[in-house]
Structures are given as C-alpha cells and as structure tokens.
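The values are calculated or read from the model by the stated rules, or taken from the named source; none is laboratory data. Model, not experiment: these values are computed from the prediction. Here the Cβ positions follow ideal geometry from the backbone for every residue, glycine too, while neighbour counts run over all protein chains shown. Remember, those area values only see protein heavy atoms, side chains included, never the ligands or the DNA or RNA. Shrake-Rupley method; radii C 1.70, N 1.55, O 1.52, S 1.80 Å.
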Amino acid sequence: MIPMLDLKAQYEALRPTLEPALSEALAATQFVLGPNVQAFETEVASYLGARHAITCASGTDALHLALDAAGIGPGDEVITTPFTFIATAEAICYVGATPVFADIDPGTWNIDPAAVEAAITPRTRAILPVHLFGQPADMDALNRIACNHELLVIEDCAQSFGASTPAGMTGTRGLAGCFSFFPSKNLGCYGDGGLITTNDDAMAERLRIQRNHGQTRRYHHEFIGYNSRLDELQAVVLRHKLPHIDRWNAERRRVADRYDAGLADLPVTCPIRDGAGTHVFHQYTLLSSARDAIAEALNAAGIGNAIYYPVPLHRQPAFGAAAVSHDLAHAEDVARRCLSLPMFPELDNERVDRVCDAIRQALDG
Ligand SMILES: *Cc1c(COP(=O)(O)O)cnc(C)c1O
C-alpha cells in the first residue's frame, strides 16, 4: 500500500513538542483569535515577505473575503482558470460577480496570460490566477496585463505555500494572496484554516475588521462582516509546522525529481517546471492518453492515485449560466489525460520507484 498522502508520519515527528503546546493552549482557554494566532500572523508574514497576514477560517473564505474587501461585486467580471478546485470560482459567485473562464497554458496548466487578455471586457475588474499544483503562475505577464487594463490581481495560493518567483513569494505579487491550511495542503493544520496576505495597509485593515463581524471595537460594527477566524489550536499547529516548510517542500521536489527520472523513457508527459519560480509540488501530475489504464493498474497494486480535476469548472452544473466560458480546449484536454501520483515529503525513493514500476508495467502490459 502506498497512499496518495500520509499525514501520520509528519504528526508522529511533531508529536513530542506539539502535544504539550496544544495542552497549554487548551489550558489557556483563549480559543479564538488568541496569542498564538497573533504570533502566527507575524511569523507567517515574515516568512512570506508580506506586509500583512490575516488568518481566517478556510482557503475558500480567504478568497471570499479578499474579493469582498477589494470591492468586487454584482456586475463585475473576474477572469480565472477553469482547471482548479471549485472554491476558486465559487468565491467569485459569493460576492455576486461573474467568473469568466480563460484557457490554461498547455505546458504549466496555469492560466494563459494571452487568454486572459482576450477575455477582458469593460466589466472586468480582476484576474484570479491559481498557482496550480504548487507551480507559480506567470505573475509578471499577469501583472503587466492588470496594469495596462487597470485590473486587480488576487492570487489563489491554496496549493503554493512556500513557492516563490524571482520577484517574491506567491501571495505577495498581487493585491492579495489567499492560502488554505486544509490538512492536505503543503502547510496544513488539523482542521480548517486560511490566510490572506497583502501589502496594502487599507486592505489589511478592512480584512481584519471584516473577518470579525465588521467589528472595530467590541460591539461596534462598521459594516456587515463575517465570522471567519482561525482558532488557537490551529495556530499552535501552524506555528509548529512553519519552521519545517522549506525542508518539506524540498522533499516534495526530491520526490518529483525521482518520478521524472523513473518515468523518463515512458510515453507519459511529466509535469514541466517553467523555471519562472520554484515549484512546491502540492501534486505530481502526469498526462497520458492511457490515464485510465494506469489508474486501474495502480489501484490493483494498492497505490494511491487521483484525478485532479476530472471535470473543468465550465462543465460543472453548479455554475450554469452564472459563468462565462471562452475557448477552453487545453483545459478539456488536460482534464481527460491527467493523473496525480502519491506525493508527500516523507515518501521515500524506494516507494517512488515502486510507483514508477507499476506504471511501466501498466503501459507494457
Ligand atoms: C483547497 C483549495 C481551496 C480551498 O481551500 P479550503 O481551505 O479547503 O477552503 C481553494 N483553491 C484551491 C486551488 C484549492 O486547492
């Protein structure tokens, strides 16, 4: 058995120091927005190189709050990718705006800046790129387009914690960066959690008020806000994990290198690294026209695998007429052929080789 993801190994390693810290936080009984949340916000802002870091209840909320704080609402269009988790576009609908799906680059599977430019209308207010599977989107090109057309850029960094570009880490390249600490993400807590980063002081202030019912002073409310806060226990977990994230992301790259080498002579397309930033391999995803046969063989061998994502968002009944779709041929093609393999920092080379062998056998047989 080789699972897609094994959180147990990491937990066991952290346990000796983590459990006493959790007990201490429990005994302090300051469960929401307590001192550990405050300390984590300072530490994570410093790690990411962002002026401000505001925690919230989930990655989905981070996107929702950021779009709301940016003033995006009914009548506005937000250009995004159809090849992502649904939360990216759901958040656009939450604020009453319209998701506009532009096609992905066939190499990186991130949103294609040329397709973004072609999708701009007088109603376009923002671009919402996703750093898919941990690879930074082309922020230089997207920021150039945003600047020329006076658009905002909000980054979906749910899969890219720790990924950097030469001009800064993901989450610091646009107006706001939205992170998820869902347990399976590169930096995950033990429940739900999220974060918004920004270098804009006014945006940060609005976000801090907004996540806590629009409250400026106790029981004084400036505007309609949300209940979207991080709890102390999650902050303790995140403070424990943050110092290890670079090492864990390096281990993910080791696993990816090993897959690249083990699959090099097979008729599959390995994920490319476009060199514009560091890839943190939230997922290792290959393309193959024999995708389903490979998946079947891996299942039979007790090896985890998953299709991220089988149905691009423009094909989801959820959006109906609430979204606009352009020519999305690349997204459709990738959705038909993609397969993600086991990926986590503790996955040793011997197990990576076994996954590669199973794929070789599936393609030979
Ligand atoms: C996980 C994820 C989200 C949502 O994060 P949650 O914390 O689960 O709400 C948003 N966007 C992408 C790309 C994700 O992978």
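So here's what we get for this one:
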| item | result |
| --- | --- |
| Solvent exposure, largest accessible area first (probe 1.4 Å, DNA, RNA and ligands not counted), of 164, 228 | 164, 228 |
| 1.4 Å probe accessible area per residue over the stretch 214-351, in Å² | 47 Å² |
| Probe 1.4 Å, protein heavy atoms only - accessible area per residue of the stretch 107-169 in square angstrom | 34 Å² |
| Label-point separation, residue 322 to residue 346 (7 Å along Cα→Cβ), nm | 3.9 nm |
| Probe 1.4 Å - accessible area at residue 315, Å² to nearest ten | 150 Å² |
| Extension reserve of the residue 357-residue 149 stretch, reckoned as 0.36 nm per residue once the Cα distance is removed | 69.9 nm |
| Tensor-based shape of the stretch 141-218 (alpha-carbon gyration tensor, a/c under 1.5 rounded, otherwise prolate or oblate) | oblate |
| Chymotrypsin sites (Phe, Trp or Tyr not before Pro) lying in DSSP loop within the stretch 221-326, provided at most 13 other Cβ fall within 10 Å | 223 |
| Coil-residue trypsin sites (Lys or Arg not before Pro) of the stretch 172-265, DSSP, other Cβ within 10 Å capped at 11 | 218 |
| The chain: DSSP helices with Cα axial extent of at least 24 Å and average Kyte-Doolittle hydropathy no lower than -0.5 | 8-28 |
| Computed [θ] at 222 nm, helices only, for the chain once each DSSP H run of length n ≥ 4 contributes -39500 (n - 2.57) | -12500 deg cm²/dmol |
| Projected area, mean over directions - the stretch 8-243, Cα convex hull, nm² | 12.9 nm² |
| Accessible surface of residue 324 - all protein chains present, 1.4 Å probe, nearest 10 Å² | 60 Å² |
| Two-site label geometry, residue 223 and residue 202: point separation in nm, points 7 Å out along Cα→Cβ | 1.1 nm |
| Computed label-point distance, nm, for sites residue 311 and residue 296 using a 7 Å Cα→Cβ extension | 2.3 nm |
| The stretch 244-364 - percent of accessible surface contributed by carbon and sulfur, probe 1.4 Å | 50 percent |
